[in-house]
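Here's the structure we're looking at; comments come further down.
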Amino acid sequence: MKGLYCRAGVSDAEPKFVIQETSLPEALGSHQVRVQVKACGLSPVDLKLLADVGIQRDLIPVGREVAGVILQVGNKVSLFQPDDEVVGFLPLDSLCSGLCDTIDIDEHLIVQKPEKLSSVCVAGALLDGLCAYTALHTHARMAAGHTLLVMDGASSFGLMCIQLACHHGVKVMTTSHTPQAHTFLEQLRPSVGVQDPLVAKVISVDKDSSDLLSVVMEETGGLGVDIVIDSGVRLQEEEETSEGMKLLPHKHDIISVLGVGGHWVTSHKDLQLDPPDCRSLFLKSASMTFLNHEVWTASSAQQGRYLHILKDLMDKMSAGILRPQQEEAVPLYEATVAMETVQRQQKKKAVVQL
């Protein structure tokens, strides 16, 4: 069978994605299950993170968010049976690609997939759902009555955060980058329960983000928000001239909108805080954490909590509480081109249907 792999570029060269022949071992591990893959989500490969944790290979498997049907189980597997539909993440050190016809995966890395959800829908929403849960529950400890600011709420990750927070009684504000995104966010309604808007305030930053602080303070009575979740930040005022960077908030803007005891969850991998920034956080007794979803599969210390997150995510999607942005599935023969696009844009994702 064939799988998709990443060949890291030399120095600054872009990585190349290639189709390679691969095979599974004849003997199945005692706690492993053999899964026929139905759909696989494609996300950017973080080569630096892999190198940091000591994973350096000529060919790195691509596609780790998988949904499929169990064909065979190991002799000590107790959670699943053949023909069960499952979903989960392949671990960082996996040797097989999620785009293979069949894969072997540990039973403690997957959960049952609800029958009413399609494999394509689940594979496309898995990463954003895990990140939203990690940011809001694990890091920010959200609770009913909190106020939340989600940057770029129309993104797939932002949409998951908005829906999850609203379900738990959190007042949500968000930013929009385009008039279309602004209209979409203002028209968001829950599929179950009271049909009030999900977002209390949509702040347009398509031209100038200088109004962010004043709008947030007006909406919160001058107190600031309890939680901020970003989708990237600018470290310097004149950092980049690209349109994408201009739309990102400056780190000082985010610290300014935090209330006393507030919490900032950032996905910016190389964030640097200057002494004045740290002083502002200190005066507010505020805190900041980095969002790295890979820790769940890189460490088994909280494996039970990780599986609980995946199961709860599936339950809420099945109940219609979480409605992810639908990704149009691409056929397997377009997987290489789709992955190159995903890697180049860093935020866009794709789903391959097998």
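Scanning the stretch 53-95 for residues that are among the small types (G, A, S), farther than 22 Å from E294 by Cβ and crowded, with 19+ Cβ neighbours inside 10 Å yields a total of 0. The condition of being among the charged types (D, E, K, R) and touching a residue at least 24 places away in the same chain (Cβ under 8 Å) holds for only one of E21, E26, E65, that being E65.
How many of the residues making up the stretch 33-52 are open to solvent by 60 Å² or more (accessible area, probe 1.4 Å) and either of a type in the set (S, T, Y) or more than 15 Å from A8 (Cβ to Cβ) (or both)?
Within the stretch 33-52, residues that are open to solvent by 60 Å² or more (accessible area, probe 1.4 Å) and either of a type in the set (S, T, Y) or more than 15 Å from A8 (Cβ to Cβ) (or both) number 2.
Evaluated against (1) under 24 Å from V228 (Cα atoms); (2) open to solvent by less than 30 Å² (accessible area, probe 1.4 Å); (3) not in a strand (DSSP E or B), G259 falls short on exactly one condition, (3).
Among the residues of this structure, Q180 does not count as one that is part of a helix (DSSP H, G or I), more than 23 Å from L213 (Cβ to Cβ) and either open to solvent by less than 10 Å² (accessible area, probe 1.4 Å) or at pLDDT 90 or above (or both).
The single residue among G153, G98 that is of a type outside the set (F, W, Y), crowded, with 22+ Cβ neighbours inside 10 Å, over 30 Å from D253 (Cβ atoms) and within 19 Å of the chain's Cα centre (by Cα) turns out to be G98. Screening S299 on (1) buried (at least 20 other Cβ atoms within 10 Å of the Cβ); (2) at pLDDT below 85; (3) hydroxyl-bearing (S, T, Y) shows it passes everything except condition (1). Pairing residues of the stretch 147-174 that are within 14 Å of T266 (Cα to Cα) with residues that are open to solvent by 30 Å² or more (accessible area, probe 1.4 Å) and in a strand (DSSP E or B), at Cβ distances under 8 Å and at least 6 apart in sequence or on separate chains, gives L148/K171; L148/D226.
Apart from one condition, T174 fits all of (1) open to solvent by less than 10 Å² (accessible area, probe 1.4 Å); (2) part of a loop (DSSP other than H, G, I, E, B); the exception is (2). Checked against (1) out of contact with any strand residue (DSSP E or B) (no Cβ under 9 Å at 6 or more places or on another chain); (2) in contact (Cβ under 8 Å) with a residue 24 or more places away in the chain; (3) not aliphatic (A, V, I, L, M), S119 passes all but a single condition, namely (1).
Residues checked against (1) among the basic types (K, R); (2) surrounded by 20 or more Cβ atoms within 10 Å (Cβ to Cβ):
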residue: D312; (1), (2): no, no
residue: M317; (1), (2): no, yes
residue: E328; (1), (2): no, no
residue: M339; (1), (2): no, yes
residue: R344; (1), (2): yes, no
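Filtering the stretch 262-291 to residues that are outside any strand (DSSP E or B), modelled with pLDDT of 90 or more and open to solvent by 60 Å² or more (accessible area, probe 1.4 Å) leaves P275, P276, C278, R279, F282, L283, S285.
The values are calculated or read from the model by the stated rules, or taken from the named source; none is laboratory data. Worth saying up front: this structure is predicted, and the values here are computed from it rather than measured. Backbone-built Cβ (ideal geometry, glycine too); neighbour counts: all protein chains shown. Each accessible area value is taken on the protein alone, full model and side chains, heavy atoms only, with ligands, DNA and RNA left out. Shrake-Rupley method; radii C 1.70, N 1.55, O 1.52, S 1.80 Å.
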